[in-house]
Every structure is written in C-alpha cells, then in structure tokens.
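Structure record follows, encoded as structure tokens.
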Amino acid sequence: QVQLVESGGGLVQPGGSLRLSCVASGNIFSIYHSYWYRQAPGKQREYVATITTNGGTHYADSVKGRFTISTDNAKKTVYLQMNSLKPEDTAVYSCTVIIGGRNYWGQGTQVTVSS
C-alpha cells in the first residue's frame, strides 16, 4: 500500500516562499514519475508540476519560473519549492504517483497566500 504524506503548507504573504514536502512509504520516486497538483476552493484540481525518474521536470505555465520540483530518493521525498507566491496560488496542494494505472494521493497541505 502506497502512502503519501504532504507537509509544509501555511499562511504566507504575497511574494513569499514555501517549500512543500511529500514523503512516501517506500522508495517509489526513483521508480515512478511524481506530480504535484492543487485545488482551490470551488475549482477543479489543477496540474502544477512533474518530475520524472531521470530528473526531468515540467511545469504548468502559471507557475513556471516561480516553482521548482525536486526529489531526494534517500529521504523518499519529493519537494515543491514555491517562490514569489501570489494570492491565486492559494489552494490545497497534493502529490501523486501513478502505479499500475492507479493514482495514489496524499491528504494534501493547505497553502494560503494573503496579506
């Protein structure tokens, strides 16, 4: 059973930074691509970023140049460094992996950007 646990969210002022972490129950990030998604109140879940098993990255246009995804396989963790945060970045952020055609999700961590 794959378990993912996110942390690192909180309240931050516009222009500030946060680093989110997603810790897995096993060393899956070296085997499967990992993703961050977010969901704002009243909106559909939105793709944020991907990191592949060989370290390739991809970002949604809305976060490109501000967010950085990375992994530490020794720590079984995928990170999302978020800089220059905007109020429209406010959402619950979740990490996910796809194993055997099934998405495994964490519980999410709330990020609120407000002055």
**Item:** Residue within segment 23-40 that is in a loop (DSSP other than H, G, I, E, B) and charged (D, E, K, R) present
**Value:** no
**Message:** Among the residues of segment 67-88, what is the count of those that are touching a residue at least 40 places away in the same chain (Cβ under 8 Å) and buried (at least 17 other Cβ atoms within 10 Å of the Cβ)?
**Reply:** 8
**Message:** Exactly one condition in (1) on the phi > 0 side of the Ramachandran plot; (2) open to solvent by 60 Å² or more (accessible area, probe 1.4 Å) is false for Gly8; which is it?
**Reply:** (2)
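For every residue, the table says whether it meets (1) at pLDDT below 95; (2) out of contact with any helix residue (DSSP H, G or I) (no Cβ under 8 Å at 6 or more places or on another chain).
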{"site": "Ser30", "(1), (2)": "yes, no"}
{"site": "Glu46", "(1), (2)": "no, yes"}
{"site": "Asn54", "(1), (2)": "yes, yes"}
{"site": "Thr57", "(1), (2)": "no, yes"}
{"site": "Gly65", "(1), (2)": "no, yes"}
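The values are calculated or read from the model by the stated rules, or taken from the named source; none is laboratory data. From a predicted model like this one, the values you see are computed outputs, not experimental measurements. Backbone-built Cβ (ideal geometry, glycine too); neighbour counts: all protein chains shown. Remember, those area values only see protein heavy atoms, side chains included, never the ligands or the DNA or RNA. Shrake-Rupley method; radii C 1.70, N 1.55, O 1.52, S 1.80 Å.
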